[in-house]
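Right, one structure below, let's go through it.
Just so you know, all these numbers are worked out from the coordinates, no wet-lab data involved. Since the structure is predicted, the reported quantities are computational estimates derived from the model, not experimental observations. Cβ coordinates were reconstructed from backbone atoms using ideal geometry, including for glycine residues, and neighbour counts include every protein chain displayed.
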């Protein structure tokens, strides 16, 4: 199992994937908004989306787990 | 004169406005969100009130709550700063309805110039040349493609309600235009509540030169010369200076007079800025008008010796301008750099805690700060945390002073664009005055 982690504090703007989706390494899975800028978060490893730990408009801190892949 | 003013803003501009209020003996009311509980502007205010949660729409855009605080505190006037509610015509109207003075122009004027599309139409009617492009909103991407095919690429796609560089993008072909239309419309809707889009012809390597105007409620209107703001990243200004080393005295006067004509044609009052794009032949085209104080107003204050916030407050209290165009003098050269909490190369935001803050000192240096040591820079607001303005008796001296000041500016705990600013200040192209909106892409590694 691998985790997609937030690279900085911000608000979850868009979740680009759903549970069960097959993700490639480097694929953008979440877009955060921080200080009025869009931050794309990419998966570091490929896998299948097992769980989405956050909701759109939620606030996340640097290091928070956004998505779990298997 | 007002006895009490509420500053409906945060960060460096709230501090700056309060400083003038203090000098004028006016009591200040500050507002803050939960994220700004320990912010400098709160400590500076004579009284301060929590207005809501960290997100702007819960707090700094919460009109009803702000007006409630204003009424309960016996506030007489509200200064909106820049951004946030500064160009919100509905807010200005509600202030009036509540018996409060909004420090700025009338609501109808704000509304008219707040839409870039409407303002272009208004300027054309007033006989001011505008940047070639549309004066109606594009219904969809298909129409955008049709228009741009006729006009020619490259084009600048823009959100009519945009600001701070958001919602605008240069497009070079149909595929880019279609993708940009969707994403920028969404961004505009999310940030400004209005997804109207239009296009302008992209002028090659233009200079962004804007004119500061000041008008009282009786229609007396002056221009306080220009500011050159071409060095930008993400279409947001980073370095601004006054005067411009590119335009000559004749162009300066023509632009000033065009700005005054434009302002008078809409019955403008209080401080405002008319932004122009200037091509390599010194032709200037109206871009948009900002019906408020600008971030970069300090460079104008430094070369004219005027306090623009003081002028705003006096005008709002009903005073006639005690200056005339002939009286105005300017001296020396001023450069302001914006310090953003971001990575100096990627420009990605860098929220976090400021563990060290050491500022350069000297009579040629002026600071505006929205933070202090131990401040937490949160992700909820614009990344601007401070401004540094330096002056010199001429541009070369100002640049040398800028380099010295930046070398002594220390911020630790977060990333800032100070390394990028140092690179700009040291660059020969900057010295040479080769400052167009292409500067960052062209000259910085």
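Quote the convex hull volume per residue of the range B:186-230, based on C-alpha atoms, as a whole number of Å³. List each step's numbers first, then the result.
Numbers: hull volume 7.2 nm³, N = 45.
It is 161 Å³ per residue.
Once C-alpha pairs closer than 8 Å and six or more residues apart are averaged by separation and normalised to the residue number of the range B:180-228, the relative contact order reads 25 percent.
With a Förster radius of 25 Å applied to the C-beta separation of residue B:428 and residue B:204, the computed FRET efficiency comes to 0.70. Does the range B:76-205 come out rounded, prolate or oblate by the C-alpha gyration tensor, with a ≥ b ≥ c the root eigenvalues, rounded set by a/c under 1.5 and, if not, prolate when a/b is larger than b/c and oblate if not? Because a/c hits 1.5 or more and a/b exceeds b/c, the range B:76-205 counts as prolate. Highest average first, the peptides B:269-278, B:154-163 ordered by how many other beta carbon atoms sit within 10 Å of their residues are B:269-278, B:154-163.
Considering helices alone, the calculated mean residue ellipticity of chain B at 222 nm is -10000 deg cm²/dmol, with DSSP H runs of length four and up weighted by -39500 (n - 2.57) and normalised per residue. Based on Cα contacts under 8 Å between residues 6+ apart, the range B:4-103 shows a relative contact order of 29 percent. Here the spin labels are modelled as points 7 Å beyond Cα on the Cα-Cβ line, and at residue B:174 and residue B:310 they lie 6.0 nm apart.
What ranking, highest mean first, results for peptides B:171-177, B:40-46 when packing means the other Cβ atoms within 10 Å averaged over each residue?
Working: B:171-177: 15.6, B:40-46: 18.9.
Output ranking for B:171-177, B:40-46: B:40-46, B:171-177.
When the convex hull of the Cα atoms of the range B:132-201 is projected onto a plane and the area is averaged over all directions, what value comes out in nm²?
So the Cα hull casts an average projection of 3.9 nm².
Taking label points 7 Å from Cα along the Cα-to-Cβ direction, residue B:410 and residue B:96 give a separation of 5.2 nm.
For residue A:2, put the label point 7 Å out on the Cα→Cβ axis and report which residues of the range A:32-47 keep their amide N under 12 Å from it. Answer for the range A:32-47: A:42-47.
In whole percent, what relative contact order does chain B give with Cα contacts below 8 Å and a gap of six or more residues? Mind showing how you got there, number by number?
Working: 965 pairs, mean separation 65.8, N = 445.
Across chain B, relative contact order equals 15 percent.
Evaluated at q = 0.24 Å⁻¹, the base-10 log of the normalised Debye intensity for the range B:4-103, with identical point scatterers placed on the Cα atoms, takes the values -1.38. Computing FRET efficiency as 1/(1 + (r/R0)^6) for residue B:24 and residue B:50, where r is the C-beta to C-beta distance and R0 is 22 Å, gives about 0.25. Which FRET efficiency value, to the nearest 0.05, do you get for residue B:279 and residue B:400 by plugging their Cβ-Cβ distance into 1/(1 + (r/R0)^6) with R0 = 35 Å? Plugging the Cβ-Cβ distance into 1/(1 + (r/R0)^6) gives 0.70. Each 20 Å bin from zero holds the following percent of Cα-Cα pairs in the protein assembly as shown: 22, 58, 20, 1.
As a proxy for reagent exposure, B:2, B:181 were ordered by neighbouring Cβ count within 10 angstrom, fewest first; the result is B:2, B:181. Springs join every pair of Cα atoms under 10 Å in this Gaussian network model of chain A, and among A:44, A:33, A:58 the largest mean-square fluctuation is at A:58. Averaged over the residues of A:34-43, the number of partner chain Cβ atoms lying within 10 Å of the residue Cβ comes to 5.
Ranking B:113, B:1 by Cβ neighbours within 10 Å, fewest first, what do you get? Show your work: numbers first, answer last.
Values: B:113 25, B:1 12.
Least crowded to most crowded, the residues run B:1, B:113.
Across chain A the C-alpha pair distances fall into 5 Å bins from zero in the proportions 4, 20, 34, 25, 14, 3, 0 percent. Could you tell me which of rounded, prolate or oblate describes the range B:360-445, using a ≥ b ≥ c as the square roots of the eigenvalues of the alpha-carbon gyration tensor, with rounded for a/c under 1.5 and, failing that, prolate when a/b is larger than b/c and oblate otherwise? Oblate, since a/c reaches 1.5 and b/c is not below a/b.
Length gained on full extension, residue B:328 to residue B:121, computed as 0.36 nm times the residue gap minus the Cα-Cα distance: 71.4 nm.
With the convex hull drawn over the C-alpha atoms of the range B:1-40, the volume per residue is 60 Å³. Projected onto their three principal axes, the Cα atoms of the range B:289-443 cover extents of 47, 37, 32 Å, largest first.
Shielding of peptide B:347-360 by partners, expressed as the average count of other chain Cβ atoms within 10 Å per residue Cβ, is 2. Apply the a/c threshold of 1.5 to the C-alpha gyration tensor of chain B and tell me whether it is rounded, prolate or oblate. Rounded, since a/c falls under 1.5.
Would you mind ranking A:53, B:415 by Cβ crowding within 10 Å, fewest neighbours first?
On the way: A:53 13, B:415 20.
Going from sparsest to densest Cβ surroundings: A:53, B:415.
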